[in-house]
């Protein structure tokens, strides 16, 4: 079976880009091994501090962030790093060609109850910019050279694209290599599953409230079919389900805080997941435009997210027209 490196080589991916991807995977393997040990490795519980987002960090948030940061800084092709857990960009190597952006541990509220979490990453060209300056990182999602996530579940999976479709790899616990287990995965255009945090329903805009009401009405409603709701509270898990069997994932605009029109971060979550979904034949949107067409204004910018099976995303968007 092919390893990640073998597949990338066969696809003629730039060897320097492969080195940057390898660095992400090296850190992800360490995170996976720590998670397997659970409480025995002393990683559970709160770190009793907040990140730049004002969120209480888990111990493994901090550990994962430091692992990725240290390994990426040692990779000569990496010019700079931006993390959801860091206030500012972190410069790495002045001659590096890539910027690596990541959410070190998506869904970290699930750690203590042994439910799926993951690492999301995006790789951009540095374009010779100053990697200590935020402006260098403010590129649209269309500039991404690679994107993916590592899912830490019953098995550890890598789901990745370099713009040549979406491939899924499984970490072999014996060889400690990611091997190809599902090539060119695609998202079904239609679905009967949706994922949304229903506790926020009262804050949504009216079109989204109407759409979800019709989903809940099932075969007796406007959409004429029964839907099942799924919600893991880890974007990696919800998107992974969609890549495997279709569905729609939504964290739409809500009225709780005018400074935060969306919950999810454009550069750490919205863009990499949108690249994966589009490469797998799906669709992603803020509700007004394609997520990867948004021009970032800050590295920690938030956006509404609607993504998944193309026909269902189009249906959701039609309620706003």
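Observations, loosely collected:
- Of everything listed in (1) at positive phi; (2) assigned to a loop (DSSP other than H, G, I, E, B), the single unmet condition for residue 218 is (2).
- From 200, 110, residue being closer than 26 Å to residue 253 by Cβ and assigned by TED's automatic domain parsing to the domain that holds residue 218: 200
- In the range 34-47, residue modelled with the highest pLDDT [restricted to those that are surrounded by fewer than 15 Cβ atoms within 10 Å (Cβ to Cβ) and either outside the structural domain of residue 64 (by TED's automatic domain parsing) or part of a helix (DSSP H, G or I) (or both)]: 36
- Which numbered condition residue 262 misses (of (1) buried (at least 19 other Cβ atoms within 10 Å of the Cβ); (2) closer than 30 Å to residue 184 by Cβ; (3) at pLDDT below 95): (2)
- Condition met for residue 247 (surrounded by 17 or more Cβ atoms within 10 Å (Cβ to Cβ), in contact with a helix residue (DSSP H, G or I) (Cβ under 7 Å, 6 or more places away or on another chain) and not assigned by TED's automatic domain parsing to the domain that holds residue 119): yes
- If you check 122, 132 for being over 16 Å from residue 282 (Cβ atoms) and outside any strand (DSSP E or B), only one passes: 132.
- Among the residues making up the range 191-206, a single one is more than 21 Å from the chain's Cα centre (by Cα), in a loop (DSSP other than H, G, I, E, B) and closer than 19 Å to residue 260 by Cβ: 205.
- Inside the range 168-190, residues that are in contact with a strand residue (DSSP E or B) (Cβ under 6 Å, 6 or more places away or on another chain) and either in contact (Cβ under 8 Å) with a residue 12 or more places away in the chain or exposed (fewer than 13 other Cβ atoms within 10 Å of the Cβ) (or both) make up a count of 12.
- Residue within the range 2-11 that is modelled with pLDDT of 95 or more and within 16 Å of residue 71 (Cα to Cα) present: no
The values are calculated or read from the model by the stated rules, or taken from the named source; none is laboratory data. These numbers come from a predicted model, not from an experiment. All Cβ positions, even for glycine, are placed from backbone atoms using ideal geometry, and neighbour counts span all protein chains on display.
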